[in-house]
Amino acid sequence: MQVTAFAKINLGLAVLGCRADGYHEVDMVMQAVSLGDVLTLELAETICVEVNCPELAGGPDNLAYRAAALLQKVTGQRRGVRIYIEKNIPLAAGLAGGSADAAAVLRGLNQLWDLGLSLGELMELGAALGSDVPFGLVGGTARARGRGEVVEPLPALVGRGVVLVKPAFGVSTPRVYRLHDQLPPRPPGELAPLLAALEQGDWAGLCAALVNDLERATFTLHPELAAIKQALQEAGASGVLMSGSGPTVFGLCADEPAARRVAAGLDLAGCRVDVAVTL
Ligand code: C5P
């Protein structure tokens, strides 16, 4: 069985506060994009994960492995699975690639092992694996609250172009949240204009309303990200923002051809540039 695990970008990310469990209360607008990992699942005796990417181990720490192991444990399933991951989503990028893989494994194994779990049950298991996994199961355009695991669909934003610019370095999400807490406090970002623009299908309003409270922390760690943002703006992107805890910066464009033109106009040494569409 083949399943695709799509990356996400954040059109909005507001940090509302710190929680007793060490996580942060957030309010996010998530958008799935067409850049995806391809996972091949085959019935096997045990769980085994292989990845076509030397920087990512396939062992028991891999989120795809952990998803399969969790599902085996809670359902008493005796069969195993061999998972092969063709990794296309950059690692430690703010694109939830690991979470997307975990979500794809939960969905795929629900079928392959014939488990009959509901989407709600899969989402609950997903939340135990990572805050972004429940969104990975839902996809499309969605609001994610709590620590990210409380997901509700929003009006779709399909077929818009996205230019993804990932610098050579990655960032650690806990480190970005820690620095966010040390910076002078600011009121959380306002998501209402973004939500209204989505509701009304107001493209210009949407591009003007993109907001990510974690930009300040990640840009403090990596000031060169400001230049990437500016380059995307100058190349003609309609809206530009960092995704998640970064470091990927994306440019939103009216459609895929426009995104290709913007990508072709960039001259950013050392960065990986991908063009995708919103799903
Ligand atoms: O849930 P996940 O394992 O993806 O989170 C990774 C880390 O990111 C957490 O351990 C925490 O430090 C930070 N985080 C947070 N608040 C969130 C989501 C993640 O502080 N809402």
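The values are calculated or read from the model by the stated rules, or taken from the named source; none is laboratory data. As the structure is a computational prediction, the values presented were derived from the model and not from experiment. Ideal geometry is used to build each Cβ from the backbone, glycine not excepted, and the neighbour counts take in all protein chains shown. All accessible areas refer to the heavy atoms of the entire protein, side chains included, with ligands and DNA or RNA removed. Shrake-Rupley method; radii C 1.70, N 1.55, O 1.52, S 1.80 Å.
Taking loop as defined by DSSP and a crowding limit of 15 other beta carbons within 10 Å, which GluC sites (Glu not before Pro) in segment 41-71 fit?
Passing both the DSSP loop test and the Cβ count: 45, 55.
Whenever you get a sec, line up 220, 248, 75 from highest to lowest accessible area (probe 1.4 Å, protein heavy atoms).
Solvent-accessible surface, decreasing: 220, 75, 248.
For the peptides 11-21, 99-109, what is the packing order when you average, over each peptide's residues, the other Cβ atoms within 10 Å and list the highest mean first?
Listed from highest to lowest mean packing, they are 99-109, 11-21.
Among rounded, prolate and oblate, which fits segment 2-153 when a ≥ b ≥ c are the square roots of the eigenvalues of its C-alpha gyration tensor, a/c under 1.5 means rounded, and a/b larger than b/c means prolate?
Verdict is prolate for segment 2-153.
Assuming 1.002 mPa s and 20 °C, estimate D for segment 172-279 with Stokes-Einstein, Rh taken as the Kirkwood radius over Cα pairs, in µm²/s.
144 µm²/s
Counting only helical runs of four or more DSSP H residues, what would the 222 nm mean residue ellipticity of the chain come to if each run contributes -39,500 (n - 2.57) and the total is spread over all its residues?
Counting only the DSSP helices, I get -10000 deg cm²/dmol.
What Kirkwood Rh does the chain have if only Cα atoms enter the pairwise 1/r average? Answer in Å.
For the chain, inverting the mean 1/r across all distinct Cα pairs yields 19.0 Å.
Net charge within 13 Å of residue 63 by Cβ-Cβ distance, Lys/Arg positive one each and Asp/Glu negative one each, not counting residue 63 itself?
Combined, the nearby Lys, Arg, Asp and Glu give -2.
Using a cut-off of 11 Å between beta-carbons, work out the net charge of the residues near residue 80 (Lys and Arg +1, Asp and Glu -1, residue 80 not included).
It works out to a net charge of +1.
Grab the other residues whose beta carbon is less than 11 angstrom from that of residue 238, score K and R as +1, D and E as -1, and report the net.
Here the count lands on 0.
Just tell me which aspartates and glutamates come within less than 14 Å, Cα to Cα, of residue 166; anything on the same chain fewer than 8 places away is out.
224, 267, 274
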